[in-house]
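The values are calculated or read from the model by the stated rules, or taken from the named source; none is laboratory data. Worth saying up front: this structure is predicted, and the values here are computed from it rather than measured. A quick note on method: Cβ atoms are made from the backbone with ideal geometry, for glycine too, and the neighbour counts reach across all protein chains shown. Heavy atoms of the whole protein, side chains included, go into the accessibility calculation; ligands, DNA and RNA do not. Shrake-Rupley method; radii C 1.70, N 1.55, O 1.52, S 1.80 Å.
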Amino acid sequence: MSQTKVLQSLHKRQSPLAQTERQLKILEDGIFANGDAPKFGHKIQQSLGGPLKTVNLDILQVNLGYMCNQVCAHCHVDAGPDRKEIMTKETMEHCLKVMESSAVKTLDLTGGAPEMNPNFRWFVTQAKARGVNEIIVRSNLTIIVANKKYHDLPEFFAQQQVHVVSSMPHWTKEKTDRQRGSGVFEDSIKALKMLNDVGYGMPGSSLTLDLVYNPSGAFLPGDQEALCQDFKERLDQSFGIKFNGLFALTNLPISRFLDYLIASDNYEDYMWALVESFNPAAAQAVMCLNTLSVSWEGYLFDCDFNQMLQMPINDSRQHIAQYQDDLMQGRLIKISQHCYGCTAGAGSSCQGAVT
Amino acid sequence: MSYYDPKDLRKFGRITEWSESLGEKFFDYYNSVFKDGALTPREKSLIALAVAHTEMCPYCIDAYTKDGLERGITKEEMMEAVHVGAAIKSGATLVHGVMMMNKVNKLDS
């Protein structure tokens with residue numbers, strides 16, 4: 001099986017897949033167009049007795065921009081150093097207002113590398129001052145060692161009691177570097193040690209460090225608990241690294257992972273694997289029920305994946321400045337065939353398995 | 001055209017359609033075997049991969065290579081498992097050499 005060599009974003013390469021309409025067409029065609037496989041909406045109707053609707057707002061997931069120091073082969077954001085889209089302070093202020101007025105429990109910061117936004121630290125500090133229960137930063141780890149100005153991020157995270165969630169596709173250098181770029185494994189190990197040094201992931205510490213595992217190829221993640229155990233043993237034995245939990249995520253067939261699936265002739269088999277692993281229990285617990293995703297421009301989406309496919313929420317109020325609590329009460333969720341990625345096996349969300 | 005079609009693996013469950021009771025018994029048994037027990041599912045996956053090779057079953061090789069990747073099993077671990085199967089298979093051939101030696105000794109000594 002060949003692995004796509006990724007050095008630039010789809011956007012920069014002017015790949016046809018940089019167009020979300022093209023991605024959505026591919027998702028709707030193939031095994032779904034000829035009726036071989038049931039469409040996601042049909043499957044949901046069958047197992048839940050009705051369409052997916054929002055329940056409440058627990059998690060506000062904010063994308064601070066597509067700029068990133070890495071170009072990972074499977075990035076669903078199509079992020080990279082060549083992406084310049086960054087959330088402004090004004091949009092962050094709108095997010096802070098929602099944190100004040102709503103019952104949101106968790107602020108989940110993502111990117112790109114969210115730390116590269118020049119107002120990142122200001123935003124975290126302000127959110128903390130608003131008393132939000134939990135602030136998650138999805139860190140790619142290498143950013144911490146990429147430049148001197150980021151070396152003190154572990155101390156900043158600790159000071160703000162941030163919950164750090166870091167990507168780590170495997171405990172071997174070969175698999176990690178293949179997916180995330182040459183040298184990423186060693187830099188990630190350095191960054192993990194720096195996080196451990198300030199107390200992250202250490203026994204008895206209140207500072208939480210979770211890892212995100214997503215498969216390095218065209219296969220689904222195995223049992224989350226077993227993978228966590230393996231990662232703990234291997235990272236501790238080889239490097240003395242500690243962490244709290246591991247979130248096993250399924251790669252959704254969009255953006256660069258879709259590009260990889262097609263280029264490696266795995267697309268159809270992968271879609272079949274997702275469809276055939278549909279789990280009704282996972283369908284009842286998908287993250288879009290209680291999550292709102294905010295783009296770097298402030299637009300609202302059911303999830304980060306819909307954001308990347310440019311499928312805004314099903315309401316006329318589509319910007320964070322227009323947020324009202326009723327937006328999260330019984331609103332129909334926008335779906336396409338990529339949604340099968342969140343209901344396969346034990347289910348998949350930004351917090352890992354859902355069953 | 002090959003006798004083996006990778007797509008047929010997805011149809012495996014259909015064997016139950018022509019003999020429901022036996023098919024269900026088989027899949028119940030099969031699924032029970034791979035559950036966590038005295039051996040971990042990870043260990044069982046590697047045994048299955050080795051046997052898949054000694055049985056030269058393309059469907060099983062396909063299924064248990066993928067299963068191994070899903071469990072985070074490395075390609076080095078997978079290849080070692082295949083060598084275990086190959087060693088037993090070649091050992092099983094060679095140990096019959098003793099029969100040959102016995103026969104030679106009886107007939108021509």
Work out, step by step, the length gained on full extension between A:Q8 and A:E155: first 0.36 nm times the residue separation, then minus their alpha carbon distance; give nm to one decimal.
-> 49.8 nm
Sequence-separation-based contact order of the range A:220-355, relative, with Cα cut under 8 Å and 6+ spacing, percent = 31
R0 of 35 Å, Cβ-Cβ distance A:L48-B:I61: FRET efficiency to nearest 0.05 | 0.40
In nm, to one decimal, how far is the modelled label at B:V95 from the one at A:Q19, with both set 7 Å along Cα→Cβ?
-> 6.4
Nearest-0.05 FRET efficiency for A:V55 and B:I47 at R0 = 56 Å, using Cβ-Cβ distance, is 0.80
Return the carbon/sulfur percentage of the accessible area of the range A:10-343, one whole number, probe 1.4 Å, all protein chains in place.
-> 47
Mind listing the phi-derived Karplus ³J(HN,Hα) values for the range A:258-267, rounded to whole Hz, using 6.51, -1.76 and 1.60 with θ = phi - 60°, and x for any glycine or proline?
-> 5, 4, 4, 4, 5, 4, 9, 6, 10, 4
Considering the alpha-carbon set of the range B:39-109 alone, what are its Rg and its Dmax in angstrom?
-> 17.0, 57
Pairs from B:K35/B:K75; A:K190/A:K232; A:K53/A:K105; B:K7/B:K89; A:K175/B:K35 whose Cα-Cα separation, in the structure shown, is over 21 Å | B:K35/B:K75; B:K7/B:K89; A:K175/B:K35
Using heavy-atom solvent-accessible surface (probe 1.4 Å) with all chains present, what is the largest-first order of A:S205, B:S109?
-> B:S109, A:S205
Compactness relative to 2.2 N^0.38 Å, alpha carbon Rg of the protein assembly as shown | 1.09
